[in-house]
Amino acid sequence: QVQLVESGGGLVQAGGSLRLSCAASGRILSTYAMGWFRQAPGKEREFVAGIRWSGHSAYYADSVKGRFTISRDNAKNTVSLQMNSLKPEDTAVYYCAAGATNWGFSPSEADYWGQGTQVTVSS
């Protein structure tokens, strides 16, 4: 069993930055693919960024490419999402998730989810 806890959300002005962190406990994350997802009110949960267990392969939604960076520290059992040049449309609850090594980052195929952290970007 894996427990995921996100932190770092908050309120920021458009153009600002936030760094989200996800800490895992209960099991070592190093063999899991990790992903960040978000869900805005009235919308479905969507993929934001994902990273393989090695940390060498990262993937991004087109909407965040060039602005967000996902990273992981397997020694510390953490994964982070650096968010720069934030836009009001980035406002959502952000979730950390873990999946199988070959996970395609589909939300329905995630093995574990965190409780989410709110990110609000004001214009």
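The amide H of L86, built 1.01 Å from its N in the peptide plane, has G15, G16 as neighbours under 5 Å, considering only residues 5 or more places off or on other chains.
For V2, the solvent-accessible surface with a 1.4 Å probe is about 10 Å², rounded to the nearest 10.
Applying 1/(1 + (r/R0)^6) with r as the Cβ-Cβ distance of A58 and R27 and R0 = 22 angstrom yields a FRET efficiency of 0.50. Averaging the sequence gap over all C-alpha pairs within less than 8 Å and six or more residues apart, then dividing by the number of residues, gives the chain a relative contact order of 36 percent.
For K87, the aspartates and glutamates whose Cα falls under 20 Å of its own Cα, not counting residues fewer than eight places away in the same chain, are E44, E46, D62. In straight-distance terms, cross-link reach from K65 covers every one of the aspartates and glutamates whose alpha-carbon lies under 13 Å from its own, apart from those fewer than eight places away in the same chain; here that gives D90. Panel note: the C-alpha atoms of the stretch 1-97, placed on their principal axes, show extents of 35, 24, 22 Å (largest first). Residue separation of E44 and Q13 scaled by 0.36 nm, minus their Cα-Cα distance, works out to 8.8 nm of gained length.
Between the stretch 1-67 and the stretch 85-123, the alpha-carbon centres lie 5 Å apart. As a calculated quantity, the FRET efficiency between Q3 and E89 at R0 = 30 Å, using C-beta atoms, amounts to about 0.50.
Measuring r between the beta carbons of A100 and S123 and using R0 = 25 Å, the FRET efficiency lands at 0.05.
The length gained by stretching the chain between S71 and D111 to full extension, at 0.36 nm per residue less their Cα-Cα distance, is 12.5 nm.
Karplus-based coupling profile of the stretch 53-64, in residue order and whole Hz: 4, 6, x, 8, 10, 10, 9, 9, 5, 4, 5, 10, with θ = phi - 60° in 6.51 cos²θ - 1.76 cosθ + 1.60 and x standing for Gly or Pro.
The values are calculated or read from the model by the stated rules, or taken from the named source; none is laboratory data. In this text the structure is predicted, and so the values were computed from the model without any measurement. All Cβ positions, glycine included, derive from the backbone under ideal geometry; neighbour counts span all protein chains shown. Heavy atoms of the whole protein, side chains included, go into the accessibility calculation; ligands, DNA and RNA do not. Shrake-Rupley method; radii C 1.70, N 1.55, O 1.52, S 1.80 Å.
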